[in-house]
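The values are calculated or read from the model by the stated rules, or taken from the named source; none is laboratory data. Bear in mind the structure is a predicted one, so any value in this text is a computation, not a measurement. Every residue, glycine as well, gets a Cβ built from its backbone with ideal geometry; the counts of neighbours run over all protein chains shown. Accessible surface is based on the protein model in full, side chains and every heavy atom, while ligands, DNA and RNA are left aside. Shrake-Rupley method; radii C 1.70, N 1.55, O 1.52, S 1.80 Å.
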Amino acid sequence: MRSSLISNRYLIVLLAALLLSATQLFAGSAFVTKGSKAASLDSCVAPTDVMRRNHMDFLQHGRDDTVIDGIRGLDYSLSECVDCHAATDVSGKSMPVDAEGQFCQECHGYVAVSPACFQCHRTTPDAKANKYGNHSDKSFLVGPVSQPAGIQRD
Amino acid sequence: MSKKSDQPSMDRRQFIGGTVAAAGAVTIAPGVILHAVAGSNEQTEGASSEHRWGMVIDANKCADGCSACVDACNNEHELTDLGRPETDAAWIRTVKLKDKQTGNISRLPVMCQHCEHPPCVDVCPTNASFKRVDGVVLVDRHRCIGCRYCMMACPYKARSFIHEALTDQSVYAPRGKGCVESCTLCVHRIDEGVMQTACQEACDKAGHGAILFGDLKDPNSEISQVLKKYNSVQIRGDLELNTGVRYRNL
Amino acid sequence: MSKMYYRELYCGSPTRFWAGLALLGTIIAIGLGAAYYMEHQGHWVTGMSNQIVWGLPHVFAIFLIVAASGALNVASIGSVFGGPLYKPLGRYSGLLAIGLLAGGLMVLVLDLGRPDRLIVAMTEYNFKSIFAWNVILYSGFFAIVGVYLWTMMDRSVSKFNRPVGFVAFFWRIALTTGTGSIFGFLVAREAYDAAIMAPMFVIMSFSYGLAFFIITLIAAYIWGDREIGDLRLTRLKNLLGVFVGAVLYFALAYNLTNLYITQHHGIESFILLNGGVYTQMFWIGQVLIGSILPLFLIYSPAFDKSRWAIAAASVAVLIGGFFQIYVIVIGGQAYPMNLFPGKEVVESGFFDGVVASYTPTFPEAALGVAGIAVALAMVAVGARVFKVFPETLEDPND
Ligand code: SF4
Ligand code: SF4
């Protein structure tokens with residue numbers, strides 16, 4: 001059940017080959033979208049060239065860890081990618097990472113690959129996410145989640 | 001008897017294991033226990049077969065006209081109401097029943113019952129429907145091909161098919177067109193050690209306290225105690241699916 | 001017996017052939033467009049919902065798949081059971097079976113929520129799932145029937161014809177059993193919770209497959225200006241009569257045994273008495289058009305050797321069969337599942353306890369019809385490029 005799809009492996013090899021050529025193109029330019037959190041950081045969670053070549057492997061590995069084994073807060077998580085790489089427009093609103101000219105689309109558009117991730121995953125940071133996720137400390141839990149006094153179970 | 005049972009038991013070994021596990025848990029507020037408290041951005045330990053998560057629902061406490069649990073679930077997982085009830089997703093719903101003989105009225109929320117022997121998992125051709133080691137039944141949307149066979153097989157009508165393209169999903173419930181989904185028992189909370197589902201939280205806040213979530217394998221957990229003390233039933237218990245969701249006063 | 005010569009089927013007039021193909025092509029194109037539309041918009045544009053999760057496309061798909069397996073019957077009778085009169089029809093029987101299966105599978109696949117992930121279905125098997133078994137059964141069917149056709153058409157391998165024929169015979173019984181079991185294992189749904197489902201599907205496949213075979217055979221020989229003798233057609237006709245009778249018997253047995261099981265009374269009176277459109281489809285579609293009318297056309301002495309009667313009987317069987325599958329697939333889902341025995345649902349946030357409504361939409365129908373068109377187009381092209389049809393099917397003189 002855990003095994004990844006053979007076909008996806010091939011696909012990934014193919015993607016990697018394609019991306020390699022894209023990497024050459026972008027080699028000199030440290031591409032991050034202006035106005036994203038990533039633009040203010042020195043590097044991604046791994047060196048840029050590693051990320052460029054392997055991010056899809058990292059993500060695919062992580063997805064099984066999270067969905068099947070329930071391990072959260074992985075180093076390589078798609079929501080982190082989005083949180084960090086989504087740019088904001090003049091009004092301060094986040095722009096979808098898969099929009100024209102935005103972080104994901106810039107490369108994927110060039111190599112004509114459409115990332116299927118965003119058919120299900122959101123493309124902007126989740127403003128509500130601080131509720132229970134990895135992104136927050138959990139001190140808030142004492143407040144809102146606690147049980148009102150007087151609840152009787154039986 | 002080859003069927004393994006996850007039924008709560010006071011088995012000695014489990015009891016000791018349970019106490020040890022409980023020692024690692026932190027009570028933050030009454031009713032809220034954080035297992036395996038992880039700091040910000042730390043990797044969590046993942047699902048463990050030492051637990052089996054489940055719920056017990058008290059039909060007597062489910063208040064007429066209330067929709068707190070349904071609203072909370074929709075909000076938690078960003079299940080948007082598109083005004084098309086036939087195709088809109090419903091992970092949890094309330095049902096009002098009348099006994100044909102006695103006329104007695106009861107009301108209860110129904111969601112995925114997190115069966116120990118889930119028919120949806122048996123029929124899924126691609127292993128997209130699966131049961132986690134801690135008993136939570138999920139759909140891996142990376143594998144689901146949208147055949148809807150699981151929806152045909154589920155005895156509780158617990159599943160919804162996503163009939164349209166979506167945006168702005170919750171980061172905790174990625175979901176998209178063409179896949180099937182159902183109640184996740186708020187697995188994102190479980191994984192973070194938050195021992196309260198969104199529906200229970202809302203029901204408690206509304207002052208009804210009809211829903212109790214917890215660990216069926218831990219004999220000391222509140223849910224195990226309640227189940228031990230009071231009579232409870234499974235919906236369609238005749239199917240012997242050993243559901244993780246039980247009902248009282250039904 | 002005189003020697004058989006097979007020849008590619010050329011239509012009497014080339015215009016007719018190409019016009020026919022163009023027509024089929026157009027139907028297929030519309031169906032594909034409809035499928036794209038449904039995928040692109042999402043399934044809310046169809047009549048399907050969270051209550052009726054399998055709709056018209058599944059009716060068409062199951063109908064075609066079931067018929068595909070039955071269409072191979074004639075070949076089986078020819079080579080496995082040694083019926084000399086059927087033997088010359090074996091090649092066409094194989095071709096039709098492949099065509100029908102391809103059409104049915106196309107519909108099934110294009111209605112998936114994520115047809116782009118078909119590769120997942122091919123690489124990830126859950127061996128407990130009947131559906132996954134069917135993926136193997138269907139792909140195997142193509143391969144085996146392909147080899148079977150080869151042994152029929154190539155003299156150098158013809159010695160394998162019988163063993164391969166046996167394999168094909170059992171494979172297709174397994175295939176239909178598998179298709180029937182898709183429903184048989186849905187324990188919670190009263191309409192489907194019956195072991196008789198699987199054998200019923202096998203006998204349904206015999207009937208629909210043969211009806212498809214007869215009607216297309218007659219059409220092909222008119223189309224190619226060739227002769228068919230009465231003897232063969234009469235044999236086929238009588239066989240069809242037996243199958244139609246058997247389907248009727250099974251349908252009765254299925255419904256009567258259901259009546260015997262108290263918990264299933266609800267679904268039975270739904271289908272037989274008060275299910276509205278489903279009741280009508282059962283009595284008028286399945287029983288009257290699909291069984292009684294063809295039986296009359298087949299056995300009444302008035303229509304002794306009338307080809308029109310045979311053709312009409314076949315068409316009636318197909319129409320009736322379509323309704324039968326509609327009632328099974330859609331009627332079975334429309335009837336509410338009984339979650340709470342002894343209780344009546346007063347209110348529900350998710351349509352518990354009410355009969356689900358389903359109105360098929362044009363795109364669904366277009367996709368389904370395209371499946372039939374695919375089958376016919378494959379047969380038309382296949383018969384044109386391969387030596388499938390005997391030059392003549394005149395009655396043997398001896
Ligand atoms: S209630 Fe339905 S969806 Fe949930 S585990 Fe059981 S069969 Fe599967
Ligand atoms: S719809 Fe998805 S989860 Fe359900 S049976 Fe099909 S592939 Fe499995």
key: Matching entry among C:Val381, C:Val355 (being open to solvent by 70 Å² or more (accessible area, probe 1.4 Å), out of contact with any His (no Cβ under 9 Å at 6 or more places or on another chain) and β-branched (Val, Ile, Thr))   = C:Val355
key: Whichever residue in the range B:109-125 is touching a Lys or Arg at 6+ places or on another chain (Cβ under 9 Å) and surrounded by fewer than 24 Cβ atoms within 10 Å (Cβ to Cβ) and, among such residues, is farthest from the other protein chains (Cβ to nearest Cβ)   = B:Glu116
query = For the range A:114-124, what are the residues that are assigned to a loop (DSSP other than H, G, I, E, B) and more than 8 Å from every other protein chain (Cβ to nearest Cβ)?
reply = A:Ser114, A:Pro115
task = Take B:Val139 and decide whether it is more than 10 Å from chain C (Cβ to nearest Cβ), among the hydrophobic types (A, V, I, L, M, F, W, C) and open to solvent by 10 Å² or more (accessible area, probe 1.4 Å).
result = yes
request  = Could you list, in sequence order, all residues of the range B:72-108 that are within 16 Å of ligand 1 (Cβ to nearest atom) and open to solvent by 20 Å² or more (accessible area, probe 1.4 Å)?
outcome  = B:Ala89
query = Scanning the range B:76-107 for residues that are of a type in the set (Val, Ile, Thr) and assigned to a strand (DSSP E or B), which turns out farthest from the chain's Cα centre (by Cα)?
reply = B:Ile105
note = Considering residues that are touching a Cys at 6+ places or on another chain (Cβ under 9 Å) and either among the hydrophobic types (A, V, I, L, M, F, W, C) or within 13 Å of ligand 1 (Cβ to nearest atom) (or both), the number found within the range B:139-151 is 7
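For every residue, the table says whether it meets (1) over 25 Å from C:Ala61 (Cα atoms); (2) near ligand 2 (Cβ under 10 Å from one of its atoms); (3) among the small types (Gly, Ala, Ser).
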residue	(1), (2), (3)
B:Asp81	yes, no, no
B:Thr87	no, no, no
B:Ala90	yes, no, yes
B:Gln101	yes, no, no
B:Cys112	yes, no, no
B:Thr126	no, yes, no
B:Lys131	yes, no, no
B:Leu138	yes, yes, no
B:Cys147	no, yes, no
Verdict on A:Ser146 being within 12 Å of chain B (Cβ to nearest Cβ) and either crowded, with 16+ Cβ neighbours inside 10 Å or modelled with pLDDT under 90 (or both) = yes
remark   = How many residues of the range B:177-220 are more than 16 Å from ligand 1 (Cβ to nearest atom), free of Cβ contacts under 8 Å to residues at least 60 places away in the same chain and either more than 14 Å from chain C (Cβ to nearest Cβ) or not basic (Lys, Arg) (or both)? The answer is 4
query = Residues that are within 16 Å of ligand 2 (Cβ to nearest atom): which helices (runs of 4 or more DSSP H) entirely in the range C:71-134 hold 2 or more of them?
reply = C:90-110, C:118-123
task = Name every residue in the range C:94-129 that is of a type in the set (Val, Ile, Thr), more than 7 Å from every other protein chain (Cβ to nearest Cβ) and surrounded by fewer than 22 Cβ atoms within 10 Å (Cβ to Cβ), in order of residue number.
result = C:Val109
task = Identify the residue in the range C:131-188 that is more than 14 Å from chain B (Cβ to nearest Cβ) and among the polar types (S, T, N, Q) and, among all such residues, is nearest to the chain's Cα centre (by Cα).
result = C:Thr176
query = What are the residues in the range C:29-38 that are surrounded by fewer than 21 Cβ atoms within 10 Å (Cβ to Cβ) and not small (Gly, Ala, Ser), if any?
reply = C:Ile30, C:Leu32, C:Tyr36, C:Tyr37
key: Given (1) part of a helix (DSSP H, G or I); (2) among the aromatic types (Phe, Trp, Tyr); (3) out of contact with any helix residue (DSSP H, G or I) (no Cβ under 7 Å at 6 or more places or on another chain), index of the condition C:Phe63 fails   = (3)
task = Could you grab me the full set of residues in the range B:231-246 that are assigned to a strand (DSSP E or B), under 18 Å from B:Ala198 (Cα atoms) and either without any contact (Cβ under 8 Å) to a residue 60 or more places away in the chain or touching an Asp or Glu at 6+ places or on another chain (Cβ under 9 Å) (or both)?
result = none
task = May I ask you to verify whether B:Thr167 is within 14 Å of chain C (Cβ to nearest Cβ) and either open to solvent by 20 Å² or more (accessible area, probe 1.4 Å) or of a type outside the set (Phe, Trp, Tyr) (or both)?
result = yes
